[in-house]
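The values are calculated or read from the model by the stated rules, or taken from the named source; none is laboratory data. As the structure is a prediction and not an experimental result, all values here were calculated from the model. Neighbour counts are summed over all protein chains in view; Cβ atoms, including those assigned to glycine, are modelled from backbone coordinates with ideal geometry. Accessible surface is based on the protein model in full, side chains and every heavy atom, while ligands, DNA and RNA are left aside. Shrake-Rupley method; radii C 1.70, N 1.55, O 1.52, S 1.80 Å.
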Number of protein chains: 2
Amino acid sequence: MNFCSQCGSAEIALRIPDGDTLPRFVCGQCATIHYQNPKIVVGCLPEWGDQVLLCKRAIEPRYGLWTLPAGFLENGETLIAGAARETLEEANARVDVGELYTIISLPHINQVYMMFRARLADLDFGPGSESLEVSLFDESVIPWETLAFRTITRTLRNFFLDRKLGNEATHVSALVRRAPVPPDLRGAA
Amino acid sequence: MNFCSQCGSAEIALRIPDGDTLPRFVCGQCATIHYQNPKIVVGCLPEWGDQVLLCKRAIEPRYGLWTLPAGFLENGETLIAGAARETLEEANARVDVGELYTIISLPHINQVYMMFRARLADLDFGPGSESLEVSLFDESVIPWETLAFRTITRTLRNFFLDRKLGNEATHVSALVRRAPVPPDLRGAA
């Protein structure tokens, strides 16, 4: 933040406002406090029988790696509507959104992942503009080594384990550090 | 948004960027897209035996009405850390944060409430700077008519019903319209 979005002044300082406990961007001209808060990434784990649907990313970060359909929740949108919209956009797939399944805080990048279980309505799916490929996978062929994000790995590992054990649970957790990306996976295709 | 926070230009237009589907604030000078997304309100339902802890608000909105300790999740914070921090700030209370309990989308105000169950560590609590009063309540004396927010009413109703039925569940829901505040509750003390 270089300029105040309210009055246009360049007198922006990072300081703790009166009565607050954390530093914020404060305008020295009009006194507006510019709060910044974490964003929600919402998505689905779409199932078809024993298989799950994954998307190969056509965009950075993690171009060419596999993910579950997910993206930023939009203003004016409920969590369930956002999860369904991301699945439609990335996989052209219609789903019945089920239980909220994993909630993962990523404080180092100011995000909270919220992944829902979902049932594919039919097999009429295919890559949206942000995907190179969309496919169904049995557990035995999940591309564990080329998944895009640790949140996705954790969600899928929880899922297959819970399925084996007959567990029905919501998983709240956190990933508190940035994982290094191995050079051979950067921009993998 | 009147000015670009990146370059200071006043050439800000609300338009749909190429490849996007929703209108965003876009700078006509430096082309920065200023995304705006929902915020997370995180908090606790603190229990002590059969009683629950409520705070009487010392700030607007809903000054003088009762609420559960909750507030905006901060950058760099996990959900559980945020829930504990808000409880400490508003009620000077230390809690063991338990299960995630209610998740309520409020699309008309771009918020998602995430309330955790929690156990008070001790009875050493009292009003923080944003509370007039902090107190424990049995179910029979919950001030239903002077609760501050529908998210709080819903969370407490779920809680007392689940307790009666022996249910253990996470509740995902939405409140999609603004509720009118009765004139006699505006600024009630």
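If only one of A:I80, A:I40 is under 14 Å from the mean Cα position of the chain (by Cα), at the interface with chain B (Cβ under 9 Å from one of its Cβ atoms) and assigned to a strand (DSSP E or B), which one is it?
Only one candidate passes the filter, namely A:I40.
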Which condition from (1) more than 9 Å from every other protein chain (Cβ to nearest Cβ); (2) in a helix (DSSP H, G or I); (3) under 20 Å from B:Q36 (Cβ atoms) is the one that A:T87 breaks? (3)
Residues that are small (G, A, S) and assigned to a helix (DSSP H, G or I), drawn from the stretch A:90-102: A:A91
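Whether any residue in the stretch B:165-172 is without any contact (Cβ under 8 Å) to a residue 60 or more places away in the chain, open to solvent by 30 Å² or more (accessible area, probe 1.4 Å) and polar (S, T, N, Q) is what I want to check.
yes
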For residues in the stretch A:66-77 being part of a loop (DSSP other than H, G, I, E, B) and within 14 Å of chain B (Cβ to nearest Cβ), which is surrounded by the most Cβ atoms within 10 Å (Cβ to Cβ)? A:L73
Across the stretch B:31-44, what is the total count of residues that are loosely packed, with under 15 Cβ neighbours inside 10 Å and hydrophobic (A, V, I, L, M, F, W, C)? 2
Per-region count, the stretch B:1-30, residues more than 10 Å from every other protein chain (Cβ to nearest Cβ), part of a loop (DSSP other than H, G, I, E, B), open to solvent by 70 Å² or more (accessible area, probe 1.4 Å) and under 23 Å from A:C30 (Cβ atoms): 2
Please verify whether A:S105 is of a type in the set (S, T, N, Q) and in a strand (DSSP E or B), treating the condition exactly as stated. yes
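Would you mind stating whether A:N158 is in contact with a Ser or Thr (Cβ under 7 Å, 6 or more places away or on another chain) and surrounded by 14 or more Cβ atoms within 10 Å (Cβ to Cβ)?
Numbers: in contact with a Ser or Thr (Cβ under 7 Å, 6 or more places away or on another chain): yes; surrounded by 14 or more Cβ atoms within 10 Å (Cβ to Cβ): yes.
So A:N158 passes the test.
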Quick one: which of B:T102, B:T87 is open to solvent by less than 30 Å² (accessible area, probe 1.4 Å) and touching a His at 6+ places or on another chain (Cβ under 8 Å)? B:T102
Can you go through A:T78, A:T87, A:T21 and tell me which one is farther than 30 Å from B:C7 by Cβ and at pLDDT below 95? A:T21
Got a sec? Which of B:Y113, B:Y63 is among the aromatic types (F, W, Y), more than 10 Å from every other protein chain (Cβ to nearest Cβ) and either farther than 30 Å from B:N167 by Cβ or assigned to a helix (DSSP H, G or I) (or both)? B:Y63
B:V176 - would you say it is open to solvent by 60 Å² or more (accessible area, probe 1.4 Å), aliphatic (A, V, I, L, M) and at pLDDT below 95? yes
Complete set of residues in the stretch B:123-155 that are closer than 16 Å to B:P61 by Cα, surrounded by 17 or more Cβ atoms within 10 Å (Cβ to Cβ) and aliphatic (A, V, I, L, M): B:L147, B:A148, B:I152
Is the stretch B:118-129 home to any residue that is within 14 Å of chain A (Cβ to nearest Cβ), among the charged types (D, E, K, R) and out of contact with any His (no Cβ under 9 Å at 6 or more places or on another chain)? no
Any residue at all in the stretch A:45-57 that's outside any loop (DSSP other than H, G, I, E, B), within 12 Å of another protein chain (Cβ to nearest Cβ), within 24 Å of B:S173 (Cβ to Cβ) and open to solvent by less than 10 Å² (accessible area, probe 1.4 Å)? no
